[in-house]
């Protein structure tokens, strides 16, 4: 009996320690990884999305400019990142970053609504002239005073033809797919494609205009025609056949089509959306000069081409296609890839989701949340 | 003589304060990391936000509660249904495991218990994602179920309520096994010998001795599974579909997407209240005063 007792106690202690250890470890790791502030005065700290940086770019930047970089891939979702920086920036405190990269609509919120971006330093940005004219004057920052696109992409439909059995050309085709399908949990991408299918002008969205699109999406969800909402995780599911078709971002698909030729990407006949993720400098940063030099580096077509060869999204920099060809090998093939270097004809079918004021945005978000949790 | 009395008195005095001293670290921890956050969450749940990005202002806004309740009733109901199903499934799976380890484990007992705990060494998220592969259309399970005709040719497992409940059951199973094991292991085997001596057959002995004596473990285990399962959103996100959203996802969405902290806080409090009522009823039904 006594021995049993002991062993039970030992067991409980050990289990407790093990479970406790497992529970505490992630937060400790997070605490260690979170502090990105570089003590060095001649260094910048940048937040970006995963998969947005090549293997050699940071070293090349350091070599070219002598500026150190703390680069953190801690942006997974515009809303989540906003919620993360809000408590500090609202009180005018530092967030330990000299630059972050957020999607158009969130850039609008940062620049125009909460005013947490400071102007880029023009003197440090000679390469700004290489910005593609199509991206030079968005409604949220007409002179690109506060922001420059890091990269751009298209939202369309990706499908696995082995599972759909036929080509997908329209939103109707997509809804009619019998296998599992998903749309994006990013509201503007999903609602945007439905609004375009509805023949609405995406550049001036209103809640009234989006009504039928929302209803159609809601019906497709409650009928089970669309199975789920996904973030980036649709990529793996399309490859493995867990999804037959999905609303998708071009760069993700560019990466999987190489491994799995059955996976295809199409801009629906009614049109797709074009978006950019934009580099900005938070008001709390004391190094706008260095941060501007950082973005300037990637506006040199040679550097932009190297970056594009890694991340395979559409570069906002003019002359990248020529530089990709000069790089040769796989990079040269990207110059002909319609997902990385879309033709003017494709670009003409794309629209940018226009800005929403605060009240309208809340109505859009609420309706979308309602549909996401429907059932 | 008097020195001894004095020492005794001092000793008694010390003995009186010792329990409080021992409680201090725990109490401080609870106050800082539980009661204060809970209080601030409560204030938040009664606050209003004049605009989306404004700092919420406290204002006895009870309407947040009625809104939380009326707007998300379906998700509350779904969360507790799934959690109940997962708890029952976990109990049915865990009880035999705990029984075998406690009574038939012999010298392999620690190894077997180790095996129950091993999945904990893997991150919760990774375990859930692994289930996605197991249940997926190219996984081994779906082929088997199609072959033996349990599922129709077009039916899938992934993104169904079954997958969500399965994931919840799997992820919280050790929390059921361990308390049941501890209560079974405490049972004196001589009680069973006595039952046998009195011509009770095995099943009756199990029913009259083992089950009642293991109820504290069952009680603790069910709560340890039910409560976190009801609040979970990872399983419904990765294994479910748009119609399996649980209340955890709604809270997450209200906090991080809508930036509507007051509603999110009210939802959290409604959730806590429901859990407390459920636990109170459950402990009354099971009559396990000794654990309470």
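Residue count for the range A:235-257, restricted to those that are within 12 Å of chain B (Cβ to nearest Cβ) and either farther than 16 Å from residue B:135 by Cβ or not in a helix (DSSP H, G or I) (or both): 6.
For the range B:56-74, filtered to residues that are more than 14 Å from every other protein chain (Cβ to nearest Cβ), in a loop (DSSP other than H, G, I, E, B) and out of contact with any strand residue (DSSP E or B) (no Cβ under 7 Å at 6 or more places or on another chain), the residue that is surrounded by the fewest Cβ atoms within 10 Å (Cβ to Cβ) is B:60.
Could we say that residue A:108 is more than 30 Å from residue B:237 (Cα to Cα), in contact (Cβ under 8 Å) with a residue 12 or more places away in the chain and outside any loop (DSSP other than H, G, I, E, B) here? Spelling it out, it is not the case that residue A:108 is more than 30 Å from residue B:237 (Cα to Cα), in contact (Cβ under 8 Å) with a residue 12 or more places away in the chain and outside any loop (DSSP other than H, G, I, E, B).
Of all the numbered requirements in (1) away from chain B (no Cβ under 14 Å); (2) within 30 Å of residue A:224 (Cβ to Cβ); (3) modelled with pLDDT under 90, residue A:351 misses one, and that requirement is (3). Condition check for residue A:281 on (1) under 20 Å from the mean Cα position of the chain (by Cα); (2) within 20 Å of residue A:51 (Cβ to Cβ); (3) assigned by TED's automatic domain parsing to the domain that holds residue A:65: one failure, at (2). Between A:96, A:92, A:66, the distinction of being at positive phi, within 14 Å of chain B (Cβ to nearest Cβ), out of contact with any helix residue (DSSP H, G or I) (no Cβ under 7 Å at 6 or more places or on another chain) and modelled with pLDDT of 55 or more belongs to A:92 only.
Among the criteria (1) free of Cβ contacts under 8 Å to residues at least 60 places away in the same chain; (2) touching a helix residue (DSSP H, G or I) at 6+ places or on another chain (Cβ under 9 Å); (3) farther than 15 Å from residue A:284 by Cβ; (4) not in a loop (DSSP other than H, G, I, E, B), the one residue A:74 does not fulfil is (4).
With the requirement that a residue be facing chain A (nearest Cβ under 10 Å) and surrounded by fewer than 22 Cβ atoms within 10 Å (Cβ to Cβ), what does the range B:258-279 give you?
Listed by number, the residues that qualify are B:258, B:259, B:261.
If only residues of the range B:237-250 that are assigned to a helix (DSSP H, G or I) and closer than 15 Å to residue A:370 by Cβ are counted, the one that is farthest from the other protein chains (Cβ to nearest Cβ) is B:247.
The helices (runs of 4 or more DSSP H) falling completely within the range A:293-351 that include 3 or more residues that are in contact (Cβ under 8 Å) with a residue 40 or more places away in the chain and within 20 Å of residue A:129 (Cα to Cα) map to A:301-311.
What about residue A:164, is it within 14 Å of another protein chain (Cβ to nearest Cβ) and more than 21 Å from residue B:239 (Cα to Cα)? Answer is yes for this residue.
Within the range B:78-112, being over 25 Å from residue B:205 (Cα atoms), within 14 Å of chain A (Cβ to nearest Cβ) and in contact (Cβ under 8 Å) with a residue 60 or more places away in the chain holds for B:78, B:79, B:82.
One residue stands out among those in the range A:175-190 that are in a strand (DSSP E or B) and within 17 Å of residue A:223 (Cα to Cα): the one that is nearest to the chain's Cα centre (by Cα), which is A:183. Confirm whether residue B:53 is within 11 Å of chain A (Cβ to nearest Cβ) and in contact (Cβ under 8 Å) with a residue 12 or more places away in the chain. For residue B:53, the condition - within 11 Å of chain A (Cβ to nearest Cβ) and in contact (Cβ under 8 Å) with a residue 12 or more places away in the chain - is met.
The one condition from (1) facing chain A (nearest Cβ under 9 Å); (2) closer than 22 Å to residue B:188 by Cβ; (3) surrounded by fewer than 12 Cβ atoms within 10 Å (Cβ to Cβ) that residue B:138 does not meet is (2). Of the residues that sit in the range A:253-282 and are touching a helix residue (DSSP H, G or I) at 6+ places or on another chain (Cβ under 7 Å) and within 30 Å of residue A:65 (Cα to Cα), which one is surrounded by the most Cβ atoms within 10 Å (Cβ to Cβ)? My answer is A:278.
The set of residues from the range A:205-230 being closer than 26 Å to residue A:357 by Cβ and either within 9 Å of chain B (Cβ to nearest Cβ) or in contact with a strand residue (DSSP E or B) (Cβ under 6 Å, 6 or more places away or on another chain) (or both) comprises just one member, A:229.
Just to be sure before I move on: is residue B:98 closer than 24 Å to residue B:211 by Cα and part of a helix (DSSP H, G or I) in the structure I sent? Here the answer is yes, as residue B:98 does meet what is asked.
When only residues in the range A:352-375 that are part of a loop (DSSP other than H, G, I, E, B) and in contact with a helix residue (DSSP H, G or I) (Cβ under 8 Å, 6 or more places away or on another chain) count, which is nearest to residue B:54 (Cα to Cα)?
The extreme case among them is A:356.
Scanning the range B:216-238 turns up no residue that is at positive phi and more than 17 Å from the chain's Cα centre (by Cα). Only one of the numbered conditions (1) modelled with pLDDT of 95 or more; (2) touching a helix residue (DSSP H, G or I) at 6+ places or on another chain (Cβ under 7 Å); (3) over 30 Å from residue A:360 (Cβ atoms) is not met by residue A:177, and that is (1).
Scanning the range A:112-127 for residues that are closer than 18 Å to residue A:46 by Cβ and not in a loop (DSSP other than H, G, I, E, B) turns up A:117, A:118, A:124, A:127.
Note on the range B:147-159: among residues that are under 18 Å from residue A:240 (Cα atoms) and modelled with pLDDT of 85 or more, the one that is farthest from the other protein chains (Cβ to nearest Cβ) is B:157. Considering the range A:365-375, the residues that are within 11 Å of chain B (Cβ to nearest Cβ) and surrounded by 19 or more Cβ atoms within 10 Å (Cβ to Cβ) include one that is farthest from residue A:224 (Cα to Cα), namely A:365.
Taken as a whole, the condition of being within 21 Å of the chain's Cα centre (by Cα) and away from chain B (no Cβ under 14 Å) does not apply to residue A:81.
The values are calculated or read from the model by the stated rules, or taken from the named source; none is laboratory data. A quick note: this is a predicted structure, and the numbers were derived from the prediction, not measured. Methodologically, a virtual Cβ is constructed for each residue, glycine included, from the backbone with ideal geometry; neighbour enumeration extends over all protein chains shown.
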